[in-house]
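One structure, pasted below without further comment.
The values are calculated or read from the model by the stated rules, or taken from the named source; none is laboratory data. Please read all numbers here as calculations on a predicted model, not as lab measurements. Every residue, glycine as well, gets a Cβ built from its backbone with ideal geometry; the counts of neighbours run over all protein chains shown. The protein model used for the area step is the full one, side chains on, heavy atoms only, and it has no ligands, DNA or RNA in it. Shrake-Rupley method; radii C 1.70, N 1.55, O 1.52, S 1.80 Å.
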Amino acid sequence: QVQLVESGGGLVQAGDSLRLSCAASGRTFSSLGMAWFRQAPGKEREFVAAISWTGGSTFYADSVRGRFAISRDNAKNTVALQMNSLKPVDTAVYYCAAALRRVAVTATLYDYWGQGTQVTVSS
C-alpha cells in the first residue's frame with residue numbers, strides 16, 4: 001500500500017509560480033512511477049505530468065509543457081511539480097498518483113492517489 005499526501009496549493013495571480021509537493025509512504029518510492037493529474041469543476045481528470053521511477057524520463061501535457069516541471073527526490077520520497085507562468089485555466093484540484101514501475105498518461109493505470117490540493121489562479 002502507498003499513501004500520498006499533496007501540499008503547496010493555494011490562490012495566486014496569473015503569471016505567478018507555485019510549487020506542489022507530494023510525500024509518499026508505505027512502499028519503496030524508487031520503484032514508483034509518479035504523476036500529477038488535475039480536475040477542474042465540471043471537467044474530467046486530466047494528465048499534467050509524469051516521471052519515471054528512476055527520474056530519467058519525464059512527460060508533460062501539451063498545455064503545460066515549458067511552464068511546468070516535474071521532479072522527484074528518491075532520498076526524501078517526494079515528487080514535486082513546479083508551476084510557472086500560471087494561467088486561470090490552470091485552476092483545478094491537483095492530484096498526485098503512483099504506479100508500480102509504470103508511467104502513463106491515463107488515470108486508470110495508476111494504483112494510488114492522494115486527496116488533492118486546490119490551485120486557484122485569478123486573472
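Against the definition (open to solvent by less than 40 Å² (accessible area, probe 1.4 Å), free of Cβ contacts under 8 Å to residues at least 60 places away in the same chain and not in a loop (DSSP other than H, G, I, E, B)), how does residue 48 come out, yes or no?
yes
While we're looking at this one, here's another question. For segment 75-87, how many residues are under 22 Å from residue 43 (Cβ atoms) and either small (Gly, Ala, Ser) or open to solvent by 60 Å² or more (accessible area, probe 1.4 Å) (or both)?
2
Out of all the residues in segment 98-122, which are open to solvent by less than 70 Å² (accessible area, probe 1.4 Å), under 15 Å from residue 47 (Cβ atoms) and in contact with a helix residue (DSSP H, G or I) (Cβ under 7 Å, 6 or more places away or on another chain)?
Across segment 98-122, the qualifying residue is only 99.
I'd like to know if segment 54-74 contains one or more residues that are surrounded by 18 or more Cβ atoms within 10 Å (Cβ to Cβ) and either touching an Asp or Glu at 6+ places or on another chain (Cβ under 6 Å) or at pLDDT below 95 (or both).
The answer is no; no qualifying residue exists.
Given the structure, is residue 36 of a type outside the set (Asp, Glu) and in a strand (DSSP E or B)?
yes
When you scan segment 30-45, how many residues do you find that are more than 14 Å from residue 103 (Cβ to Cβ) and buried (at least 16 other Cβ atoms within 10 Å of the Cβ)?
Going through segment 30-45 one residue at a time, the tally reaches 2.
Report whether or not residue 94 is open to solvent by less than 30 Å² (accessible area, probe 1.4 Å) and either of a type outside the set (Gly, Ala, Ser) or more than 13 Å from the chain's Cα centre (by Cα) (or both).
yes
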